[in-house]
1. Looking at the range 565-578, can you tell me whether even one residue there is assigned by the TED database to the domain that holds L466, of a type in the set (F, W, Y) and touching a residue at least 60 places away in the same chain (Cβ under 8 Å)?
2. Determine, yes or no, whether E737 is open to solvent by less than 70 Å² (accessible area, probe 1.4 Å), farther than 30 Å from S411 by Cβ and at pLDDT below 70.
3. Of all residues in the range 77-115, how many are under 13 Å from I56 (Cβ atoms) and among the hydroxyl-bearing types (S, T, Y)?
4. Take the residues in the range 156-174 that are touching a helix residue (DSSP H, G or I) at 6+ places or on another chain (Cβ under 7 Å) and in a helix (DSSP H, G or I), then tell me which one is surrounded by the fewest Cβ atoms within 10 Å (Cβ to Cβ).
5. If you check D363, D350, D304, D310, which single one turns out to be out of contact with any helix residue (DSSP H, G or I) (no Cβ under 9 Å at 6 or more places or on another chain), of a type in the set (D, E) and farther than 24 Å from M412 by Cβ?
6. What do you reckon, is E325 open to solvent by 10 Å² or more (accessible area, probe 1.4 Å) and either at pLDDT 95 or above or in contact with a Phe, Trp or Tyr (Cβ under 6 Å, 6 or more places away or on another chain) (or both)?
7. Taking R608 and the conditions (1) in contact with a Leu (Cβ under 7 Å, 6 or more places away or on another chain); (2) under 30 Å from D502 (Cβ atoms), which numbered condition does it fall short on, given that it satisfies the others?
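The values are calculated or read from the model by the stated rules, or taken from the named source; none is laboratory data. Worth saying up front: this structure is predicted, and the values here are computed from it rather than measured. In this analysis, Cβ positions are derived from the backbone assuming ideal geometry, glycine residues included, and neighbour counts consider all displayed protein chains. In case anyone asks, the SASA skips ligands and DNA or RNA and just uses the protein heavy atoms, side chains included. Shrake-Rupley method; radii C 1.70, N 1.55, O 1.52, S 1.80 Å.
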Amino acid sequence: MKPIRIDRAFVELDQDSGACNPAVTIMTPFFNMVEFIGETAESVFRQTFREFEWLIINDGSTDPRAVGVLNELAQQDPRVRVIHRANAGLAASRNYGFQEARSEYVAQLDADDLLAPTFLEKCLWFLETHPHCAWAHSAVIGFGEQNYLWLREFKREQMLRENFLVPTSVIRRSAHFVCGQYDESIRRGYEDWDYWLSMIEHGFTSKVIPEYLCWYRRRPNSMLAQIETDEGYNRWFAEYRRVKHARLYKDGLPSTPEPPWPPPYPFINDHLPFVNQYSSDHRPGVLFIWPWLNMGGADKFNLDVLRGLDRARFRPYVVTTLKSENPWGDRFAELTPEIFHLPNFLPVEDWLRFLVYFIRSRDISAVFISNSEYGYLCSPVLKKIFPKLKVLDFVHIEEMHWKGGGYAHCSMMSSPALERSLVSSQHLLKMYTSEFSRSPEKVHCVYTNIDAEGEFSPDRFTPGLLRREVRCPVTTPVLLYMARICEQKRPEVLMEIVSRLDKRTTTPFQVWIVGDGPDLPEVKKLSYDLGLSERCVFWGARRDTGQFYREADILLLPSQWEGIALTLYEAMAMGLPVVASDVGGQRELVTSEVGVLIPLGGPGEIDRFVETLLSLLEHPGVRQAMGAAARERVRQQFPLSKMVEAVSQHLADVLQGNHGTGEDFEYWSLALDRYCHWLETQRLEPVTHRIWQEKLSQQKRAEELEEHVARLTGILSQPNTISPELRERVVVSLAVEQLVAKMYRSPVWKAISRRRRVKRLFLKLVGLRGPDERIPSP
């Protein structure tokens with residue numbers, strides 16, 4: 001581990017910024033794109049990374065408006081530099097742009113395309129932390145004449161057959177000159193494909209940032225549209241690239257530098273490559289650290305807080321810390337463009353210095369953590385670097401099966417760095433003060449609440465749409481189970497409840513299961529095995545949750561643990577009675593007038609669920625009265641505005657407090673040690689996973705061989721069933737299979753199998769596989 005003084009680290013910054021000494025050059029060839037350059041300029045000026053110059057090369061435009069429009073852009077912002085030159089073609093304009101660039105990084109941007117606000121910042125940090133990559137690009141949104149989403153993993157061998165990259169990318173200027181620049185003899189199109197092949201031929205590689213950060217305009221009269229249908233030109237270019245890049249097509253791809261395997265206890269890099277200082281703002285910046293932007297109760301709380309936060313009082317920013325496809329990303333992006341999914345563009349060992357850079361760049365005043373283990377690990381270190389930084393967190397649930405209490409325990413371990421902790425229930429508040437010995441002054445209860453007048457108002461939804469889809473009569477009661485299909489929500493208990501209920505009642509009913517998760521395939525199989533296929537309807541993950549509440553009659557949620565499930569708030573707001581487990585703080589929301597809570601565990605638990613549901617199914621008037629009371633209780637006692645205002649007020653109170661932690665903070669060295677050990681677990685986790693998978697694969701292969709040996713042995717035990725010639729062949733095959741099975745279990749093979757080339761050569765020599773056959777990992 002690199003010995004650093006946390007209170008003195010991350011201080012040597014390059015102070016020059018802007019057009020005089022830009023960190024990146026945006027390079028745009030321009031030819032008669034007057035009608036689109038305004039939109040492109042808007043996307044450039046909205047970039048979150050501001051230390052750039054924008055170099056526009058006017059390639060002899062014939063539109064008389066062009067010079068005036070470009071000169072106006074140059075007058076609008078000193079970072080814009082316009083160069084007028086005679087027409088020489090797109091490739092020549094790009095080469096000239098690289099020559100004129102004042103920075104090592106050059107961002108290619110065509111004059112009709114658009115950039116998402118975080119494109120530059122993420123690409124620059126990606127290249128800074130991935131020195132083996134020569135350029136960075138992102139997923140693409142096609143728009144205009146054609147609309148589509150385009151996300152392809154970068155594979156060099158596929159570039160030999162098709163060009164699946166768009167020109168928009170950030171490229172190392174040094175790599176551009178090494179590869180020989182753009183081929184200026186290509187004037188009609190595909191010059192970018194040729195350029196990427198030249199990059200690959202010189203051993204350079206790239207990687208896609210799996211986010212849609214580039215908007216690629218499709219026009220009916222564009223150069224690409226013209227050449228896509230020109231068969232003659234396509235045949236010519238196919239031959240041209242095979243001749244020019246014959247070494248690639250004949251000899252194969254050159255080796256590329258592989259990313260270095262992280263060493264044990266990696267250095268904490270305290271070099272900050274960029275400044276990117278935002279202009280001063282009287283509003284305090286708040287950095288939210290969340291795990292992801294998925295579909296769940298905690299994520300809905302995050303979304304509601306972000307939507308309700310008063311922009312006149314606070315500047316919100318978002319960082320996420322777990323690898324995810326972030327299915328709710330678009331919802332969050334509508335509220336703020338500054339969302340940074342750290343696993344998408346940074347190695348984990350560089351997360352800390354990015355956060356230090358980010359806090360300085362945006363002048364962050366407070367960090368708000370919700371369900372992020374990394375947030376809790378880094379907050380004490382950040383607090384030591386920035387003593388005036390305020391840190392608070394929100395905990396939704398205790399999880400005693402994980403890390404001694406889940407995020408509640410993480411919060412306790414980081415408590416000296418936390419000015420205030422917010423919890424979702426009085427139950428959790430009592431646990432904080434009793435089991436975790438937190439000061440009552442530092443912990444406050446804020447119910448998550450729901451928008452019963454807007455998003456979850458029954459009047460917003462048309463009844464019957466879903467029932468018609470599955471041919472469910474209006475008179476048939478529907479039990480709704482809406483949750484992530486995982487251990488916490490006990491879907492197997494749900495199936496047992498439904499099975500017993502099915503045997504006890506003649507009343508027709510359906511069970512709608514809405515959600516996705518790791519246990520979904522097993523639950524579907526269990527439903528079939530129990531004969532419940534006609535009772536259960538699996539809808540998968542859905543966004544239109546309000547419609548399901550509108551058409552259901554009872555919410556059923558037999559969870560193993562909860563804080564207060566957000567599903568209960570939503571169902572009650574939509575007028576549904578609830579039948580759920582009596583866990584966490586759920587009795588603070590669900591009273592006997594609005595639902596029934598069943599004590600967890602015990603031999604009679606499932607029977608109590610069944611009896612409660614039977615009563616509600618047979619008495620529709622009772623469940624309708626409970627549903628009406630449930631909606632009224634949520635409207636009066638748990639409005640969303642109350643939660644948003646409470647969170648905002650806690651933020652304001654913390655920010656107005658005295659500087660410093662208010663607690664003894666001498667434990668920071670221990671916190672740094674915890675952080676470094678966590679980094680080491682991140683390094684070892686893929687290693688141990690790979691070793692375990694190899695072990696399972698070897699074991700499976702050995703078992704398959706032993707089964708084959710047993711079959712051959714059975715054949716040999718029946719002397720009259722095969723001919724002598726076949727018997728001899730079986731004996732030889734049996735001997736070989738026994739030898740191979742023994743080999744797969746030997747330490748020598750385990751050593752050989754870690755080196756793929758040695759393994760392939762070894763198997764070829766012993767004649768187990770042909771030289772061109774794929775060798776499966778044992």
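1. Scanning the range 565-578, I find at least one residue that is assigned by the TED database to the domain that holds L466, of a type in the set (F, W, Y) and touching a residue at least 60 places away in the same chain (Cβ under 8 Å), so the answer is yes.
2. yes
3. 2
4. Among those that are touching a helix residue (DSSP H, G or I) at 6+ places or on another chain (Cβ under 7 Å) and in a helix (DSSP H, G or I), it is L160.
5. D363
6. The answer is no for E325.
7. Against the list (1) in contact with a Leu (Cβ under 7 Å, 6 or more places away or on another chain); (2) under 30 Å from D502 (Cβ atoms), R608 comes up short only on (1).
Let's see how each residue does on (1) under 30 Å from Q586 (Cα atoms); (2) open to solvent by less than 10 Å² (accessible area, probe 1.4 Å); (3) touching a Gly at 6+ places or on another chain (Cβ under 6 Å):
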| residue | (1), (2), (3) |
| --- | --- |
| R315 | no, no, yes |
| H341 | no, no, no |
| L352 | no, yes, no |
| I359 | no, yes, no |
| S365 | no, no, yes |
| L382 | no, yes, no |
